[in-house]
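Enquirer: Have a look at this one before I ask anything.
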Amino acid sequence: MQTNLRSVLFTTALALTLTSTALPGQDLKPIPLPPPQTEGGRPLMEALKLRRSTREFKRANLSDQGLANLLWAGFGINRPETGHRTAPSAMNSQEVDLYVALAQGLFVYDPKANELKPVSGEDLRAKTNGQASIKDAPVVLIFVADLSRLAKASQEMRPFYAEFSAGCISQNVYLYCASAGLATFVYELNRAPLTAAMNLKPDQRIILAQAVGFPK
């Protein structure tokens with residue numbers, strides 16, 4: 001009888017331990033995005049004229065359509081027949097992933113499925129940097145490079161190529177925001193604690209972050 005009781009107690013304790021250590025994003029569901037709107041917006045020369053960094057945001061969320069347009073402009077697939085993207089990458093390595101920090105948690109953009117895949121249920125926007133304005137931005141994009149995808153490049157050149165790709169994607173985001181009347185800015189961030197919070201692999205490197213929202 002005592003042996004059976006001990007077995008029951010051990011099983012119960014083990015179940016509680018597994019529940020308490022569950023990944024924070026496992027209760028999140030993928031967010032399917034509508035097809036991006038690839039027509040309209042301001043002309044390129046006007047968008048270039050309006051391109052700027054804006055650090056104050058309204059506390060208003062982007063619509064799913066606005067989020068789909070933003071992510072597609074940044075690094076979506078613009079040639080479905082080849083899988084090529086809206087920004088260049090060295091040797092078409094496509095080593096940069098766009099992580100999307102929202103109030104409800106952290107997601108990663110999957111351009112093929114056109115959806116946000118859940119990563120963590122924690123709101124990491126404010127943890128990227130101590131600036132107060134970032135807390136008001138409804139969307140924070142975290143640019144993460146997986147250097148293992150740059151298999152054709154030397155170890156020495158991989159960080160350089162990843163940073164170049166991230167810069168091109170960031171400029172796409174800037175131009176989309178200028179075209180759509182959104183505010184955005186790129187900023188430095190606290191990489192070490194954020195890397196742990198995002199549970200990144202050794203080959204994954206955080207390059208930069210970019211806040212997006214409606215101008216205040």
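The values are calculated or read from the model by the stated rules, or taken from the named source; none is laboratory data. Remember, it's a predicted structure, so these values are computed and weren't measured experimentally. Positions of Cβ are generated from backbone atoms using ideal geometry, with glycine treated the same way; all protein chains shown enter the neighbour counts.
Enquirer: Determine, yes or no, whether R42 is at pLDDT 95 or above, closer than 17 Å to Q171 by Cβ and surrounded by 14 or more Cβ atoms within 10 Å (Cβ to Cβ).
Expert: It is true that R42 is at pLDDT 95 or above, closer than 17 Å to Q171 by Cβ and surrounded by 14 or more Cβ atoms within 10 Å (Cβ to Cβ).
Enquirer: When both residues are 6+ apart or on different chains and their Cβ atoms are under 6 Å apart, which pairs have a first residue that lies in segment 80-97 and is farther than 15 Å from P36 by Cβ, and a second that is among the basic types (K, R) and surrounded by fewer than 18 Cβ atoms within 10 Å (Cβ to Cβ)?
Expert: Between residues of segment 80-97 that are farther than 15 Å from P36 by Cβ and residues that are among the basic types (K, R) and surrounded by fewer than 18 Cβ atoms within 10 Å (Cβ to Cβ), the close pairs are M91/K152.
Enquirer: Considering each residue of segment 140-159, count those that are surrounded by fewer than 16 Cβ atoms within 10 Å (Cβ to Cβ) and within 19 Å of the chain's Cα centre (by Cα), and give that number.
Expert: 2
Enquirer: Please go through segment 160-193 and pick out each residue that is hydrophobic (A, V, I, L, M, F, W, C), in contact with a helix residue (DSSP H, G or I) (Cβ under 9 Å, 6 or more places away or on another chain), surrounded by 21 or more Cβ atoms within 10 Å (Cβ to Cβ) and assigned to a helix (DSSP H, G or I).
Expert: Of everything in segment 160-193, those that are hydrophobic (A, V, I, L, M, F, W, C), in contact with a helix residue (DSSP H, G or I) (Cβ under 9 Å, 6 or more places away or on another chain), surrounded by 21 or more Cβ atoms within 10 Å (Cβ to Cβ) and assigned to a helix (DSSP H, G or I) turn out to be A162, I169, V173, C177, A178.
Enquirer: State all residues of segment 55-70 that are closer than 26 Å to R149 by Cβ and without any contact (Cβ under 8 Å) to a residue 60 or more places away in the chain; if no residue qualifies, say none.
Expert: Residue satisfying the conditions is A68 alone.
Enquirer: Quick check, is D110 touching a strand residue (DSSP E or B) at 6+ places or on another chain (Cβ under 9 Å), surrounded by fewer than 19 Cβ atoms within 10 Å (Cβ to Cβ), closer than 16 Å to I169 by Cβ and not β-branched (V, I, T)?
Expert: Judged against the criteria, D110 is a match.
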